[in-house]
Every structure is written in C-alpha cells, then in structure tokens.
Amino acid sequence: NLSDKLQRSFKNLRGQGAITDENISDAMREIRLALLESDVNLDVATNLVEQIRAKAMGSQIATALSPSEQIVKIVHDELVALLGKDIAKFKTASQPPSVILMAGLQGSGKTTTSGKLAAWLKKGGHRPMLVSVDVYRPAAREQLAIVARSINASLYEGKLIDGEAATDSVLRLAKEAKRDAANFGCDILIVDTAGRLGIDQVLMDEMARLKALLNPSEILFVADAMTGQDAVKSAKAFNDLLTITGAVLTKMDGDARGGAALSIRQITGAPIKFIGTGEKPDAFEPFHPDRIVSRIMGMGDIATLLERAEEKLDRGKAESFAKKALSGDGFSLEDFREQLRQIKKLGSMKSIMKMLPSVGPFAGMAQAAENVDEKQFGRVEAIINSMTNKERRNSDIINGPRRKRIAAGSGTTVQEVNNLLRQHAQMSKMFKTMGGGGGMKQQQRLMA
Ligand code: GDP
Ligand code: MG
C-alpha cells in the first residue's frame with residue numbers, strides 16, 4: 001500500500017545531505033507508483049508528483065529537516081491541499097425541509113449511510129426524516145425501515161400503487177415525503193434512491209428528475225472506497241449529470257487506504273464530506289482531510305482515535321481504575337473486565353490497531369491487526385463472567401476445582417482460565433511496581 005511504499009522510498013533518502021535531482025527521482029517514482037496502486041487516477045497522480053518534485057527541489061536550502069522528512073512533509077501538505085484543508089460544511093436550505101439526495105451504485109452503502117446520516121443529524125439537534133424511493137426492490141424499502149427503527153428516526157413509508165409506472169412512483173413518493181416532513185416539523189429529508197450495478201440511463205434520468213423536483217441542498221455521492229477506480233468513474237458520471245455537492249466514502253474500515261478520496265475530489269471538484277467506518281449506525285464521521293492523508297501515508301490516525309476515546313470512554317472509570325491499579329491493592333478481575341468493556345466501545349481491535357502509525361513504536365501494528373482474534377476478547381470476558389463475585393475480587397481463592405467449574409461455565413478450557421489468571425497476576429504486579437514511588441504521581445498528572 002501507499003504507506004509502505006512511501007516509507008520505503010523515504011528510507012532510501014535517509015542519511016543523504018540535501019535533496020538533489022538524483023536522490024529524489026527514485027522517491028518520486030515510488031510515490032507515483034504508490035499513488036496509482038492506491039487507486040489515485042493517472043492524471044491526478046502525475047500532476048501531484050510534478051508538484052511534489054518542484055516543491056522538493058525548491059526546498060533544498062531549507063531547515064533542520066532531513067531530506068526524507070522534508071519530502072514527507074511536502075507530500076503530506078500537497079495531499080491535504082488537494083483534498084481541501086478543512087472539514088466541508090454541510091449545507092441546509094433556508095426554507096425547511098432541506099433535502100439530501102443520496103446517489104450511487106448498488107451496494108455502495110446508500111441505505112446504510114442514509115441511516116448513519118440521520119443518526120448523526122439527530123445528535124446535532126436536527127429532526128431528520130428518511131424515505132426510500134427504491135421502488136424496484138421491495139427489500140430495499142424494508143431495509144431502510146429497519147434502519148430507521150434502529151436509530152429511532154422518522155420514516156415516510158408511503159404506498160405503491162398497482163399499475164403505476166416506476167418512475168412515477170419514485171417521484172410521487174419523494175413529493176409526498178417532502179410534504180410529510182414539512183407537516184411533521186422534520187427539518188431534513190434524506191432520500192435514499194435505487195442503485196444499479198452500473199451507470200444506466202433509466203436510473204440517471206430518474207435522478208435528474210428527482211433533483212429537479214426536490215431542489216436538494218445536498219446531493220451526496222456514496223462511494224465504496226474498496227472499489228477504487230470504478231468508484232472514481234461512477235463519481236464522474238453522476239457528477240456530470242447531477243453536479244454532486246459532496247461525496248461519502250464508505251467501507252473505510254476495510255483495506256482501502258483512501259486513494260479514491262483524492263481522485264474523486266480532484267475529478268468532481270466536490271469535497272468528501274463523510275466517511276463510513278463500519279456497518280453500525282455510529283460508524284460514521286465527518287471527513288478530516290489531514291487525518292486521511294496521515295492514514296494514507298502511514299502516519300496513523302491518532303487524532304481520530306483520541307476523539308473516539310474522548311467520546312466513548314468513561315473518564316471517571318478510567319481514572320479510578322488507574323488509581324486502584326497503581327495503589328498497593330492492585331486491580332481485581334472485576335476491574336479488568338470493566339477495562340475490557342471500555343476498550344470494546346472504541347470499536348474492533350482491528351480498527352483500533354489500524355489507526356496507529358505504521359512507523360515508530362507501532363511499526364507492524366497494522367500488519368498484526370490482520371491476525372487479531374476478536375473472539376479472544378469475548379472468551380476472556382466469558383471466563384470472568386463465569387466467576388463468582390468473590391472470585392473476581394480475590395483471584396487467589398481460585399483453586400483447581402474452581403478453575404474447572406469456570407472453564408465449563410464459560411465454554412473455555414482450564415488452560416485458558418490458567419492463562420488469564422497468570423496474565424492478570426503479572427499485570428497486577430507490574431502496575432503495583434509502577435505505582436511505587438514517582439510512578440503514581442506521574443500517572444495522575446498525565447490524566448489530569
Ligand atoms: P446500497 O445498495 O447502496 O443501499 O448499499 P447498502 O447500504 O445496502 O450497503 C451494502 C453493504 O455494505 C451492506 O452489507 C452494508 O452493511 C455494507 N456497508 C455500508 N457501509 C459500510 C461501511 O462503512 N463499512 C462496512 N464494513 N460495511 C458497510
Ligand atoms: Mg439501498
């Protein structure tokens with residue numbers, strides 16, 4: 001991926017005094033290849049590399065940075081500039097309800113994203129209403145109904161009329177929904193549309209007529225980040241016809257490193273506004289160009305991780321855990337279980353590890369993430385659940401027969417129970433040692 005490639009080409013530059021024509025040409029070739037491999041469109045990649053080269057050559061006399069550091073910085077800045085520095089604004093109409101028209105191919109994530117967007121808007125104090133105008137597949141409208149229920153958002157269901165032409169149904173449902181949203185005081189109407197496997201004329205005509213009818217304040221193109229160049233091609237087709245106002249990149253929790261984001265931005269001129277990072281309604285966030293660039297370059301996404309931790313973790317619990325663990329008493333298995341639950345709130349272990357920088361102390365983490373066994377966490381929790389309160393508080397009393405009972409109760413093996421008890425004893429001891437002397441104070445200062 002781009003990150004590995006960049007790291008490698010930068011490594012070759014390390015230790016060289018200044019940036020020269022010769023020593024950067026290898027790096028530029030690598031950068032170009034890496035961009036292409038991560039689904040950046042050919043023209044976009046070529047332009048970028050030329051800009052990076054020009055900047056790099058001009059920066060010879062600069063600063064205390066090493067050549068490789070200089071180039072890393074230049075690449076970073078160029079990519080951020082290309083994506084637009086700031087978080088793109090979400091537009092609403094002066095006269096509610098504002099309409100958001102969702103566009104994209106089948107399977108790109110329109111229905112899921114419609115729900116995520118509604119949940120996000122609700123969190124921001126809006127009253128969104130959802131409607132599906134996918135009259136071609138009955139299951140599609142049912143899917144949106146389920147999504148709407150799960151996030152407790154309003155839905156305009158409407159009815160299909162026998163014998164009505166499909167496009168007429170689409171336009172009628174959309175019109176009814178807009179009126180319904182106004183009547184019920186919903187300030188935003190999200191219109192989930194039918195997708196096709198490829199660009200097709202009937203679909204495009206329908207989208208154009210929906211746009212004319214609804215006068216949407218946002219037309220969001222939903223793109224599956226995993227589909228790379230295809231997503232870029234369909235983004236262009238939708239944009240030529242509809243002039244999209246923004247894009248949503250879904251499935252960013254997968255292996256996609258975000259090259260499509262660069263190309264879609266460059267080719268349509270529309271900003272990426274949101275990314276989807278999982279199947280659940282809250283796996284969704286505004287697009288931060290600098291974070292994606294860091295992720296593309298393998299510098300990790302610590303900012304997102306911290307933000308998630310801020311939002312999801314219970315600060316009080318974390319602090320009291322730290323205090324307890326560092327005190328002479330050590331921490332119990334009960335405390336340990338609570339910590340596991342807190343960590344799980346941050347998302348899958350895989351997604352957490354992928355956000356760590358792929359350089360420095362975390363090198364190899366993203367790779368290791370591939371081998372993480374998510375079920376392991378569940379098994380550890382099951383083991384602790386199968387203990388009595390007394391055992392959780394004082395693991396010393398867990399003798400042979402108790403271990404057997406716990407293994408049976410949690411559907412694990414005595415060996416797994418033994419492992420957990422041993423790990424707990426080691427960690428507890430380690431924390432106690434840290435807690436002695438200055439460690440405790442330092443920890444408290446860090447958490448203040
Ligand atoms: P639509 O045909 O465009 O409406 O696509 P759907 O919303 O039905 O999504 C297609 C599939 O992609 C479903 O299985 C979704 O759960 C999945 N999906 C959507 N967004 C994401 C995402 O951000 N991450 C992951 N991992 N899956 C997603
Ligand atoms: Mg759908």
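Filtering 223, 208, 194, 166 for residues that are buried (at least 22 other Cβ atoms within 10 Å of the Cβ), touching a residue at least 24 places away in the same chain (Cβ under 8 Å), on the phi < 0 side of the Ramachandran plot and not acidic (Asp, Glu) leaves a single hit, 223. Just to verify a result, which residue in region 234-292, among those that are among the acidic types (Asp, Glu) and touching a Phe, Trp or Tyr at 6+ places or on another chain (Cβ under 9 Å), is surrounded by the fewest Cβ atoms within 10 Å (Cβ to Cβ)? Out of the qualifying residues, it is 282. Of all residues in region 192-232, those satisfying the criterion of being away from ligand 1 (no atom under 12 Å from the Cβ) and either not assigned by TED's automatic domain parsing to the domain that holds residue 109 or not in a helix (DSSP H, G or I) (or both) are 198, 199, 200, 215, 216, 217, 218, 219, 228.
In this structure, does residue 251 turn out to be within 14 Å of ligand 1 (Cβ to nearest atom), free of Cβ contacts under 8 Å to residues at least 12 places away in the same chain and under 21 Å from the mean Cα position of the chain (by Cα)? Can you show your working first?
Details: within 14 Å of ligand 1 (Cβ to nearest atom): yes; free of Cβ contacts under 8 Å to residues at least 12 places away in the same chain: no; under 21 Å from the mean Cα position of the chain (by Cα): yes.
So residue 251 fails the test.
The residue that is farthest from ligand 2 (Cβ to nearest atom), counting only those in region 135-159 that are at pLDDT below 95 and in contact with a Leu (Cβ under 8 Å, 6 or more places away or on another chain), is 158. Counting only helices (runs of 4 or more DSSP H) that sit completely within region 317-399, those holding 1 or more residues that are at pLDDT below 70, surrounded by 14 or more Cβ atoms within 10 Å (Cβ to Cβ) and not assigned by TED's automatic domain parsing to the domain that holds residue 285 correspond to 349-354, 365-369.
Each residue in region 104-161 was checked for being without any contact (Cβ under 8 Å) to a residue 12 or more places away in the chain and part of a strand (DSSP E or B), and 0 of them qualify. Scanning region 289-301 for residues that are within 16 Å of ligand 1 (Cβ to nearest atom) and either modelled with pLDDT of 95 or more or part of a loop (DSSP other than H, G, I, E, B) (or both) turns up just one, 301.
Within region 216-265, the set of residues being farther than 15 Å from residue 109 by Cβ and of a type in the set (Lys, Arg) comprises 233, 236, 257, 265.
The values are calculated or read from the model by the stated rules, or taken from the named source; none is laboratory data. Fair warning: this is a prediction, and the values are worked out from it, not measured in the lab. Counting neighbours? That spans all protein chains shown, and the Cβs are built from the backbone with ideal geometry, glycine included.
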